1. How charged is the neighbourhood of Thr52? Take every other residue with its Cβ under 12 Å from the Cβ of Thr52, and add Lys/Arg as +1 and Asp/Glu as -1.
2. With a cut-off of 8 Å between alpha carbons and a minimum separation of six or more residues, what is the relative contact order of the chain in percent?
3. How large is Rg over Rh for the chain, taking Rg from the Cα atoms and Rh as the Kirkwood inverse mean of 1/r across Cα pairs?
4. Can you give the net charge of the other residues whose Cβ lies under 14 Å from the Cβ of Pro101, counting K and R as +1 and D and E as -1?
5. Mind running the shape call on region 53-106? Use the C-alpha gyration tensor, a ≥ b ≥ c as the square roots of the eigenvalues: rounded below 1.5 for a/c, prolate if a/b tops b/c, oblate otherwise.
6. To make sure I understand the rule: partners must be aspartates and glutamates, Cα under 16 Å from the Cα of Lys78, and not fewer than 8 residues away in the same chain. Which ones qualify?
7. Suppose a student asked you for the relative contact order of region 1-43, using Cα pairs under 8 Å spaced at least 6 residues apart; what percent would you report?
8. How big is the gap, in Å, between the Cα center of region 30-86 and the Cα center of region 1-26?
Amino acid sequence: MVSLEQFKEMDIRIGKVLKVEDVQGADKLYVITVDIGEETRKMIAGIKLWYTKEDLVGKNVVVLVNLEPKVIRGVESKGMLLATLYDNNLSIVTTDRNVPPGSKVS
């Protein structure tokens, strides 16, 4: 169980996907550049099997921004796109309305 206080420590925001690049030598990974309001971050996401670059650019996505950075395939990933996988179909979490990048999720 996660307490309400632990949940409040998570910094979850809306991000707008600005750019999507392949990770050299990786079949499943993209480097995704996301505007999270006051800054732009790069994140590694293993979603290439389900989404094309064109599917992602311009999309509002839900991002955990205070995740500890990690270097993956030589690229520092500073956050995580939230998604669900069901019956081998991945779906990234998005907004149903246009909201500005950096908007907090609560």
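1. 0
2. The value is 32 percent.
3. 0.96
4. +3
5. The shape class here is oblate.
6. Excluding near neighbours in sequence, the set is Asp11, Glu21, Asp35, Glu38, Glu39, Glu68.
7. Relative contact order, region 1-43: 30 percent.
8. Each part's Cα centre sits 7 Å from the other's.
Each value in this text was obtained by applying a stated rule to the coordinates, not by laboratory testing. None of these values were measured; they are calculated from a predicted model. As a convention, Cβ positions derive from the backbone with ideal geometry for all residues, glycine included, and neighbour counts pool all protein chains shown.
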